[in-house]
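What follows is one structure encoded as structure tokens, with my remarks underneath.
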Amino acid sequence: MSSSHPADPPRAVKLGLIDVPLFSLKALGLSLPMALGYIGLAWIVVHFFPVVSPFWPAAALAVAGVMLFGAAMLPAIFIGAFVANFSLMDWSWFGALIAASGNTLSPWLGVWLFRRLSAEDFFDSPKAVGFYFVLVGLLASALSAVLGIFGLSQFHTESHGYGYLIDGLGWLVGDLTSTVMLAPALYLWGRFALKQERPHPAQYGTPEFLLLLVVMVGGGLVLFGINTGGNVLHIGAMSLVVPPLIWAAQRFSPRLALTLFAGIYLVATGCTLAGMGPFVEFSPGEALTALQLMGASISSSVLIASVLDVQRRDAHQSLELANSALNERVWARTRELAQSEQRTRYILEMMPMPMLVTELATSRVLFVNDECLSLFGATRADVKTVVPRDLWVDPSERVRVIARLQQGEVIRNHEVAFHGLRGEVFWLSIAVVLTRIEQSDALMFAFKDISLHKKREAELLNQATIDLLTGLYNRRQIRELVRRLMLDAETRTPVALAIIDLDHFKRINDGSGHACGDKVLQTVAEIGRSVLRSEDWFGRWGGEEFVVVFPGLTSTQAEHRLDTLRRQLMDAVILCDNGHLIQLTASFGLTEGWFSPDRRDFDQFDEWINEADLALYRAKNQGRNRIERA
């Protein structure tokens with residue numbers, strides 16, 4: 001006898017945030033501004049771009065409309081797209097009809113697939129943002145481009161640019177860029193206007209937001225309102241807008257963070273159209289193209305950073321609320337039973353968290369529950385010999401905690417490192433109160449193991465500073481170490497810098513495989529660590545290139561160490577797992593400079609890198625396996 005369960009019915013897909021009935025007065029009222037908005041945005045783009053635009057804001061408006069109000073927006077999108085294609089771009093009516101179909105179907109398909117595959121709203125988590133970029137951005141834009149170029153190729157006599165393939169890529173980029181940069185802001189503001197915005201876990205005040213908006217827009221006017229003839233440094237300075245935007249993403253909701261970006265972007269666009277700013281040497285179309293592609297990248301980064309911060313704050317807030325509620329129950333219950341030590345001990349023993357009570361003066365254990373014994377790897381017999389204050393990794397931290405308690409402070413969620421009885425070190429979040437037990441002043445501890453959290457923090461820090469393959473510093477950390485040393489220089493100090501490149505490394509990868517190449521890189525790292533001083537900074541610069549910074553050494557002093565390294569590399573024989581024996585040589589470019597308190601300009605490090613690179617180039621040209629000085 002067998003039984004079967006009927007398949008679950010397919011989940012109904014709610015397309016828009018508020019699904020408006022297709023045939024309703026509300027749908028009619030929304031359709032007119034949608035159609036006019038689509039045509040107006042299309043006119044602006046056609047006015048500035050004589051060929052297919054790398055940016056099509058009308059697509060963002062269409063996507064946001066479907067995300068907010070569902071299929072009720074599709075007729076208006078179709079009408080707006082048809083009018084734009086037929087009237088503004090002089091297409092044949094049938095070609096414009098096919099392109100308008102793509103303009104209409106693409107946002108519907110992207111939003112429908114997202115709603116079908118995700119139970120979250122569009123920008124509530126990094127996963128949802130990823131779905132949005134792929135489904136609503138890339139996939140929908142590809143559909144629009146395919147149908148649009150089909151209509152252009154079949155029913156229009158002219159080809160734009162270098163052919164329909166190039167036009168198709170331009171169409172895809174245009175829709176994708178606008179969907180990534182504009183549609184999220186339009187949707188989030190629409191959700192706010194409809195009073196369905198998700199509460200931000202730590203929204204900061206309006207005055208702070210307005211002040212930041214004024215400062216950033218003012219900075220944008222300075223950055224984009226000054227003509228420097230297309231100076232490279234001026235163009236590079238545009239990256240300065242990224243840090244404050246990422247900072248804003250950590251302070252405000254995604255809607256407000258994107259609004260800050262929009263303020264700067266409007267300033268940049270206005271100044272560029274007025275013939276000012278770093279793109280003054282470019283044509284308006286080229287300048288706007290660069291701004292639009294940069295804007296899409298930056299707005300995506302701001303959105304992801306903001307969503308990640310909201311998610312982090314949600315988790316942190318939930319944890320704090322849970323901890324606060326639990327701690328309040330503990331302390332309230334403890335106060336109620338304070339006059340009965342026996343009952344207090346009973347309560348502590350039953351606590352689902354590690355609890356410890358020690359005498360303030362001697363740190364003698366007055367009470368410990370089984371959860372705490374398990375945490376420290378101890379037994380009841382160990383309690384008689386173990387002194388808890390000896391388990392603090394930093395004994396002075398215990399002194400500071402006691403001083404704060406005696407001043408009336410409350411100690412909660414305080415992170416401290418402890419030794420276990422087996423010698424291991426682990427991190428605990430502690431809550432401590434001063435109390436009296438057995439007629440003695442005592443410290444009552446509640447512990448929470450956060451070792452895994454600390455380990456993840458350390459792993460993230462390690463990934464940010466260490467090259468995973470070789471264990472050496474990565475390029476970012478080398479630059480950071482030099483920057484710190486440069487800022488801390490109190491006297492004029494020499495520094496030598498060398499770039500090392502393995503000779504014919506590509507032959508090793510091609511002939512013996514990438515696994516063998518990886519082993520070669522690891523062997524170079526091991527030899528370098530054995531030859532160089534502990535105070536020298538040895539890092540992987542990228543690929544088969546390494547860099548060494550010698551603080552306090554001139555190039556003459558550093559050359560002796562580098563020659564030792566060169567000879568040891570030449571003498572090394574590396575046996576790969578596939579049985580191949582590898583012998584290698586390396587070429588070295590060496591230069592020197594001076595750290596000085598009179599000069600804090602980090603550009604000098606880049607100058608040294610360029611000098612060492614030129615010396616390395618000479619070493620390569622002069623036969624390799626040698627050291628050349630700048």
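The values are calculated or read from the model by the stated rules, or taken from the named source; none is laboratory data. What you see is a predicted model; the values in this text were computed from it and never measured. Counting neighbours? That spans all protein chains shown, and the Cβs are built from the backbone with ideal geometry, glycine included. Side chains are part of the model used for accessible areas, which takes the heavy atoms of the whole protein and leaves out ligands, DNA and RNA. Shrake-Rupley method; radii C 1.70, N 1.55, O 1.52, S 1.80 Å.
Annotations
- Separation of the HIS419 and ILE226 label points, Cα + 7 Å toward Cβ, nm: 5.8 nm
- Within the assembled protein chains, the solvent-accessible surface assigned to CYS271 is about 10 Å², based on a 1.4 Å probe.
- Under 14 Å, Cβ to Cβ, from ILE18 - net charge with Lys/Arg +1 and Asp/Glu -1: +2
- Remark: segment 499-578 carries a charge dipole of roughly 100 debye about the Cα centre, counting +1 on each Lys and Arg Cβ and -1 on each Asp and Glu Cβ.
- Placing a pseudo-label 7 Å from each Cα along the Cα-to-Cβ vector at LEU211 and ALA403 gives an inter-label distance of 3.2 nm.
- When the helices of the chain are scored as -39500 (n - 2.57) per DSSP H run of n ≥ 4 and the total is divided over every residue, the value at 222 nm lands at -18500 deg cm²/dmol.
- 29 Å Cα-Cα reach of LYS506 towards lysines, excluding residues that sit fewer than 8 places from it in its own chain: LYS519, LYS620
- Unmatched cysteines, the chain - criterion: no other Cβ of a Cys under 4.7 angstrom: CYS271, CYS372
- Cα shape, the chain, gyration tensor, a/c 1.5 rule: oblate
- Alpha-carbon centroids, segment 370-402 and segment 592-630: separation in whole Å: 53 Å
- Between segment 75-101 and segment 179-196, the alpha-carbon center distance in angstrom: 26 Å
- The largest accessible area among VAL146, VAL549 belongs to the first residue in VAL146, VAL549, and the rest follow in falling order (1.4 Å probe, all chains).
- With a simple spin-label model that places each label point 7 Å from the Cα along the Cα-to-Cβ direction, the separation between ARG312 and PHE602 comes to 2.0 nm.
- Solvent-accessible surface (1.4 Å probe) assigned to PHE114 amounts to roughly 0 Å².
- Neighbours of PHE131 by Cβ distance under 15 Å: Lys/Arg scored +1, Asp/Glu scored -1, total 0.
- Stretched out straight at 0.36 nm per residue, the stretch from LEU25 to ASN578 would grow longer than its current Cα-Cα span by 191.7 nm.
- Förster radius 30 Å - calculated FRET efficiency between VAL393 and ARG476 (Cβ-Cβ, nearest 0.05): 0.55
- Less than 5 angstrom separates the built amide H of ALA586 from those of ASP503, ASN625, all sequence-distant by 5 or more or on a different chain.
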